[in-house]
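As structure tokens, the structure follows; a few thoughts come after it.
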Amino acid sequence: MPFTAKIKRARFVLGPFTSEDMLAIGNVLRDSIAERIGSGLNVNDETAKELKPGRNGRRGYPDYKKARGLQPIRDWFWTGRTMRSLKVKSASENQAVIGFVDPNADRIAHVNNLREKQFGVSPKDRQALNSAVLAVLRQARAIRVRRAA
């Protein structure tokens, strides 16, 4: 009697996205979030809170930003290090993770996000995300089924 393999359990992955597709989608969302934060908007696409002015005749953070030629708004930009470290940290077939790759920038972003939520997906970011997903889905290619181990 010949040997026959008996498959007791199998998991199949059905998905139209590759990790490269998810990386491209993640980059579109990252660009949209970075542009929104750079414009001084929060996750509701509203103007972010104003920066606190100086007290007792002293200069405040908005004054320091103006003196450096920067916008006196809450745009998470002083040296540029925080927003430059906003990247797609990982991408797989079913998800892309966006975050800050520099630990110091991650801490600064966390503290700033506690003051007012700016890092997140706003309604306009969601529109950009949906457009990117639809663009990837419209590409002429077959959906592939891969047997996962």
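The values are calculated or read from the model by the stated rules, or taken from the named source; none is laboratory data. Everything quoted here is computed from the prediction, not taken from an experiment. Glycine also receives a Cβ, built like all others from the backbone with ideal geometry; neighbour counts cover every protein chain displayed.
Structure summary
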{"item": "Boolean, G99 is surrounded by 11 or more Cβ atoms within 10 Å (Cβ to Cβ), over 30 Å from F17 (Cβ atoms) and either touching a residue at least 60 places away in the same chain (Cβ under 8 Å) or not β-branched (V, I, T) (or both)", "result": "no"}
{"item": "Residue that is farthest from I98 (Cα to Cα), among those in the stretch 20-67 that are under 24 Å from the mean Cα position of the chain (by Cα) and basic (K, R)", "result": "K49"}
{"item": "Exclusive hit being under 30 Å from L137 (Cα atoms) and out of contact with any His (no Cβ under 6 Å at 6 or more places or on another chain), set F17, F77", "result": "F17"}
{"item": "Single residue of V136, V111 found to be in a helix (DSSP H, G or I), surrounded by 12 or more Cβ atoms within 10 Å (Cβ to Cβ) and modelled with pLDDT under 95", "result": "V136"}
{"item": "Filtered residues of the stretch 45-74 (kept if assigned to a loop (DSSP other than H, G, I, E, B) and in contact with a Leu (Cβ under 9 Å, 6 or more places away or on another chain))", "result": "A48, G60, P72, I73, R74"}
{"item": "Verdict on S85 being surrounded by 13 or more Cβ atoms within 10 Å (Cβ to Cβ), touching an Asp or Glu at 6+ places or on another chain (Cβ under 8 Å) and under 25 Å from T18 (Cα atoms)", "result": "yes"}
